[in-house]
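Visitor: Sharing a structure with you now.
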Amino acid sequence: MIEEELPQDLVVKGLEEKNPETIDKFIKQFSRPLFGVILNYTKNPADAEEILQDTFLKIINKIDTFREGSPLWPWMRRIAINNAIMWLRKNKPKQEKTLNLEDMEPVFTNQGEFKEPVFSWTLDPEDVYMNSELGGELYNAIQSLPIEYRLPLILRDVEGYSLKQISSLIQLKEPTTKTRIHRARSFVRERISEYMEGGK
């Protein structure tokens, strides 16, 4: 028997009251989606599980700061993402595969502007994800990026954060963030293109 999802108002009320039954149902209801969000950043399920536990604690302890009437999921997802980024800052993987992304450097004018438009996807992301095999290749390409490129790319193209928000989250200047996103997109596009050409 599948348990029904708790309505948001009951979740919030139960967490505020530290109701054990509500907390248990809440964890069962949101473990999988929050774990998926965190795993995008860590790549390691064991690390994601550790961050997930801390995320649940923070959500429960900070529920009184939740703005009533707002959707609960985006608020929880932000906490999960912030937790993942904080964890990665402290525990940056020491043996990540090194990739040379310097060749994907954008060209600037004398005024410091991009000479060419910032890279835009030639493939429709929805089309990519509709094809599970191609979606898997896209996921692998993103996960193979070094953390300093993977983080801004996921925050921009998966989570939809603005350039300003990303720069604040990962503590970089906006031009640096922009450049890293450009390089990461170029690398992923190249990987997908190679995959598609190889499949023809």
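Each value in this text was obtained by applying a stated rule to the coordinates, not by laboratory testing. This is a predicted model, so every value here is computed, not measured. Here the Cβ positions follow ideal geometry from the backbone for every residue, glycine too, while neighbour counts run over all protein chains shown.
Visitor: Describe numerically, in nm with one decimal, the distance between label points set 7 Å from Cα along Cα→Cβ at Asn140 and at Gln29.
Guide: 3.7 nm
Visitor: May I pose another question? Please compare each pair in Lys28/Lys62; Lys62/Lys164; Lys58/Lys178; Lys43/Lys164; Lys90/Lys178 to a cut-off of 29 Å on the Cα-Cα distance and tell me which ones are over it. Display every interim value, and only then the final one.
Guide: Values: Lys28/Lys62 19 Å; Lys62/Lys164 25 Å; Lys58/Lys178 31 Å; Lys43/Lys164 25 Å; Lys90/Lys178 23 Å.
Checking Cα-Cα distances, Lys58/Lys178 exceed 29 Å.
Visitor: With r defined as the distance between the Cβ atoms of Glu49 and Asp157 and R0 fixed at 30 Å, what FRET efficiency is calculated, to the nearest 0.05? Present the calculation step by step, with values, prior to reporting the outcome.
Guide: Details: r = 25 Å, r/R0 = 0.84.
For R0 = 30 Å, the calculated efficiency reads 0.75.
Visitor: Per residue of region 187-194, in order, report the coupling 6.51 cos²θ - 1.76 cosθ + 1.60 (Karplus, θ = phi - 60°) as ³J(HN,Hα) in whole Hz, putting x for Gly and Pro.
Guide: Computed from phi, the couplings for region 187-194 are 5, 5, 4, 4, 4, 5, 4, 4 Hz.
Visitor: Continuing with this model, one more query. Quick one: Karplus J couplings for region 171-182, per residue in order, coefficients 6.51, -1.76, 1.60, θ = phi - 60°, nearest Hz, x for Gly and Pro?
Guide: Each residue's phi maps through the Karplus curve to give 6, 10, 6, 4, x, 5, 4, 4, 5, 5, 5, 4 Hz.
Visitor: Give the order of Arg67, Arg77 when sorted by the count of other beta carbons within 10 angstrom, beginning with the fewest.
Guide: Working: Arg67 8, Arg77 18.
The order, fewest Cβ neighbours first, is Arg67, Arg77.
Visitor: While we're here: Applying 1/(1 + (r/R0)^6) with R0 = 45 Å to the Cβ-Cβ distance of Glu21 and Asn91, what FRET efficiency is obtained, to the nearest 0.05? Spell out each step's value before the answer.
Guide: Working: r = 34 Å, r/R0 = 0.75.
Calculated transfer efficiency: 0.85.
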